[in-house]
Amino acid sequence: MSSSQTTTVNDPHLDNTTTTNNDTLPNNNSQEPSTSTDSSQYRSSTQYSFKPPPENSKTSTKPDLDDNEEEKRDDSMYVCNICLDIAKESVITMCGHLFCWPCLNCWLETKPQRQLCPVCKAAISKDKVVPLYGRNNEKQQDPRSKKSPPRPQAQRTEPDNSQNYQGFQSFGDAGFHLSFGIGAFPFVFFGSSFNFNDIRQRNGQNGSQFEEDQFLSKVFLWVAIIFFCWLILA
Amino acid sequence: MSNQSIQSENKPNNDEPVGNKGSAVAKRLQKELMALMMSSEKSVSAFPEDSNFFRWKATIVGPKETPYENQKYRLSIEFPNNYPYTAPTCKFTTPCFHPNIDISTGMLCLDILKEKWSALYDVRTILLSIQSLLSEPNNDSPLNSNAASLWDKKAEYKKYLDQFYEKNKDT
């Protein structure tokens with residue numbers, strides 16, 4: 001029992017393997033110590049409680065290294081093509097090449113008559129670069145930016161608002177609609193429509209007109225009911 | 001395509017105020033040096049001259065299957081203050097017999113070091129371009145007309161070049 005303790009403490013490899021066993025087959029492992037005395041079971045349980053931290057630290061340090069490598073690789077994607085550093089105040093040309101705004105601005109100013117993308121030599125201009133806004137935009141303030149004109153603004157188009165009025169998209173939206181009418185087609189002498197759960201109600205638009213409509217439809221509804229009653233009674 | 005034109009192209013821009021460029025240029029040159037030293041490129045190499053980071057010494061090995069095979073040429077590269085917005089000045093310090101290289105001054109005629117310069121080019125790409133210029137000269141605008149006229153006579157060219165190289169390689 002004491003030997004098992006020493007292995008868990010001293011040998012990190014063994015420790016690691018046992019912990020992985022713990023993860024995959026917890027019952028098997030707990031059964032092993034149970035063959036010895038009861039106290040060993042307690043100890044083993046304490047072992048389990050002790051083990052997770054080293055296991056966690058191990059599993060976390062290794063992916064950390066991988067993360068760092070990956071981060072480096074990822075970072076190299078965001079290197080400005082001019083200063084070869086991580087792009088600050090990044091802008092992207094229409095041809096898709098990334099630069100710091102001060103770097104690109106400087107490049108364009110040195111060749112005002114022939115404004116070409118340094119990477120692919122496509123024709124570019126200051127108005128047609130797109131600024132990239134990361135989350136920590138304020139942190140990326142570059143002192144050089146004061147000497148170069150401000151980055152071009154991003155262009156933004158408002159989303160389309162007319163989608164609200166499509167109506168009857170699904171059954172749930174439809175509401176209940178009933179209308180009465182009398183007369184010879186195409187001439188309707190009087191008619192009434194009867195609406196439940198009108199879509200316009202939800203949109204909250206055309207308030208007064210809507211109330212008027214409702215009033216009229218109620219009036220016509222009663223007229224229709226009276227007319228039917230008269231028809232039946234007569 | 002004279003020597004003066006190369007210098008005059010770089011000079012006017014040198015005094016242009018372009019922010020605190022000194023440190024930015026040094027930073028970029030440092031990155032380039034790192035990249036050069038990490039790369040497995042054997043045929044070209046470059047290193048700053050003494051303490052001045054803006055003057056580099058470079059060597060180019062002649063490309064294979066060309067008359068320049070197994071020949072080694074030294075160059076000097078001088079970076080302007082607003083590098084990489086303007087091209088560095090490159091010069092052969094080992095005299096080189098080539099249609100586009102001035103035999104006495106070592107100045108060379110290469111479009112990417114002039115009107116086709118891009119801020120993207122770095123020391124490595126410049127040296128590789130010069131290396132490929134050795135194998136593919138532009139005979140339409142020669143700086144060395146002798147070499148340009150001799151280029152088509154391969155055997156003669158090779159013979160003259162070898163003699164010239166042996167004579168001058170140590171200078």
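General observations
- Accessible area of chain B divided out per residue, in Å², using a probe of 1.4 angstrom: 52 Å²
- Rolling a 1.4 Å probe over the protein heavy atoms of chain B, with every protein chain left in place, gives an accessible area that is 49 percent carbon and sulfur.
- For segment B:23-80, GluC sites (Glu not before Pro) are listed when DSSP marks them as loop and at most 16 other Cβ atoms sit within 10 Å of their Cβ; the list is B:41, B:65, B:69.
- Between the beta carbons of residue B:30 and residue B:168, assuming R0 = 45 Å, the FRET efficiency works out to 0.85 to the nearest 0.05.
- Fully extending the segment from residue B:70 to residue B:37 would add 9.7 nm, taking 0.36 nm per residue of separation and subtracting the current Cα-Cα distance.
- Inter-part distance where segment B:112-131 and segment B:25-87 are each reduced to a Cα centre, Å: 11 Å
- Accessible surface buried at the A:B interface totals approximately 1600 Å², computed with a 1.4 Å probe on protein heavy atoms.
The values are calculated or read from the model by the stated rules, or taken from the named source; none is laboratory data. None of the values given here were measured: they were computed from a predicted structure. Quick reminder, even Gly has a Cβ in these numbers, built from the backbone with ideal geometry, and neighbours come from all protein chains shown. Each accessible area value is taken on the protein alone, full model and side chains, heavy atoms only, with ligands, DNA and RNA left out. Shrake-Rupley method; radii C 1.70, N 1.55, O 1.52, S 1.80 Å.
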